[in-house]
Each structure stands twice: as C-alpha cells, then as structure tokens.
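Below is one structure, written out as structure tokens; the observations come after it.
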Amino acid sequence: MRTIKLNAIDSTNSFLRQLSAEETVEDFTVVTAEHQTGGRGQMGTKWESQSAKNLMFSVFKDTRVLDVECHFYLSMAVSLAVFEALKSFQITSLKIKWPNDILSDQQKVCGILIENVIKQNQLQSSIIGIGINVNQTIFNDLPNATSMQLISGTHFNRDQVLQEVLNQLKHYISFLDSKSYDLLKQAYENNLFRKDKPSTFKDKQGNLFSGYIKGVSNSGHLKVLIEDGIVKLYELKEVQLLF
Ligand code: BTN
C-alpha cells in the first residue's frame, strides 16, 4: 500500500483526485498532510484543523463494483470504519450523524468528505477524505467540536490511529465487494444519531419541522417520519438536522 506523506497541501482530497487523473493509483493509496491550506468539508464548507495535532488524510478506492444509485453504501462503510476504530481507542458514546459525521456525546470528533468520480453514469473511483480531531484541545469557534484527547483525557499516537482506521476501512469496504449491503445498512442505522427520537429539522427555505429519523435509502437520502405515517426522503441539500 502506497502512502504519500505531505507536510502542507491545499487539500489531500484535491491532491489525490488530481493524482488519480494523471496516473494509475493503487487501491488504498493514502495521502496524509500535516497542514491543509484549503481543507474542504461537506456542502462547500471549510475544514480547519490544527497542524501536528490531528489527522487529515485521503484514501483512493476503485468503486466500479458499486452501482451509482448505491453509492451511499461506501459512505456507510467509511462511517462504520471510523466509528469502530475510535471505539477501539475507548472513545465512548459514539454515534453517526447523517450522512457521515462521527459524534461523541453529540460533539463532532470526525468529518468525512467522499468525492466520487462518475463517468457515463458509472462510478469509477472515490476519494475518501477523513479529518479526525485527535489531540487538539481548544476549539475556539467550534462549540460542537471535540477530540479524542478531550473525550478520553489521553494523548494519542496519530500513526496508530491512522493505521487502525485503515484496517477498519479495508474490513468494511470488503462488504462492498461481497455485496453485503444489508449488513452495512443495519450496522449504520443501528448507530445513527437521533434514530427514532423526536427531532427538529430545518428545510432549505428555513422552515422548521419535526419528525423521526427512520433510516437511509441506498442513495443516501434520510428517511423521516413526519406525520400520520408519512415517510419523506430528504437529500443533504434539502434538510438540516438541528436537534
Ligand atoms: C465535513 O465534516 O464537512 C467533512 C470534513 C472532511 C475533512 C477532510 S481532512 C482530509 C480531507 N481533505 C479535505 O480537504 N477534506 C477532507
């Protein structure tokens, strides 16, 4: 397995995407960076992370095995891999917040950005970007962020955390090759934040509504039971889970 260790880069996702456009990249090639000048998050947000304290990395995966409408199974596999890796370091009260934030006690410890390369409606490859707050202890402008160190009171070796996440990624991504989709979905939904709990959402017009999270569809829509037994499907752009 090839690992490319960078000191500074705009974004490990952008770097790996560019590299895979220029040359053949082996599955599970990893790019890590100590510092990102333009780290990217979901929905066009920025990902800011303290250098030398946290983990920022991207992994290349050939995803031709996945039908394009089933692309969210990769997201489930990646969320579960990080979830299990953190659990193995005794990080407690973990949940997966749809689509793929990893929370501990309702605070975000890891963010995931998966970028798919699709050609002629067929998935080709995916760049799996992962940012884990490992040893950072001060989050000035981010009241909902936490780190492995804050949760456990322990300083972690980042290489060990990275290795464990990669091991778990290989394990969970193998479920895609064997098409064990139901297993992935069950495990993902079992650990979903606010599943079956009364929750409040904001739609894209800014209106609040309440409902119960029932699960996800194959393509990653959130299933919300709103009223009188009506279950609606929402895309990430359409809805924000508030509490
Ligand atoms: C999110 O929670 O919005 C997703 C954050 C993903 C951040 C990681 S850090 C490594 C990789 N490179 C990026 O530019 N983003 C991802």
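The phi torsions of the range 107-121, fed into the Karplus equation with coefficients 6.51, -1.76 and 1.60 and a -60° offset, translate into couplings of 10, 7, 10, 8, x, 10, 10, 9, 10, 9, 9, 10, 10, 6, 6 Hz, rounded to whole numbers, with Gly and Pro shown as x. Packing order of peptides 56-67, 169-180, highest average first: 56-67, 169-180 (average count of other Cβ atoms within 10 Å over each peptide's residues). The smallest convex shape that holds all Cα atoms of the range 3-190, its convex hull, gives 113 Å³ per residue.
Once the 1.4 Å probe is applied to the protein heavy atoms, the chain comes out at 49 Å² accessible per residue. Using just its DSSP H runs of length 4 or more, each adding -39500 (n - 2.57), the chain gives a mean residue ellipticity at 222 nm of -8000 deg cm²/dmol after division by all residues. Taking a ≥ b ≥ c as the square roots of the eigenvalues of the Cα gyration tensor, an a/c ratio of 1.5 or more together with a/b no larger than b/c marks the range 198-241 as oblate. Expressed in units of 2.2 N^0.38 Å, where N is the residue count, the Cα radius of gyration of the range 128-243 is 1.31. State the percentage of accessible surface on the range 31-175 attributable to carbon and sulfur atoms; use a 1.4 Å probe and exclude ligands, DNA and RNA. Roughly 45 percent, rounded to a whole number.
The values are calculated or read from the model by the stated rules, or taken from the named source; none is laboratory data. None of the values given here were measured: they were computed from a predicted structure. Please note: Cβ atoms are built from the backbone with ideal geometry, for glycine as well, and neighbour counts cover all protein chains shown. Ligands, DNA and RNA are stripped out before the accessible areas are found, and what is left, the full protein with its side chains, is counted by its heavy atoms. Shrake-Rupley method; radii C 1.70, N 1.55, O 1.52, S 1.80 Å.
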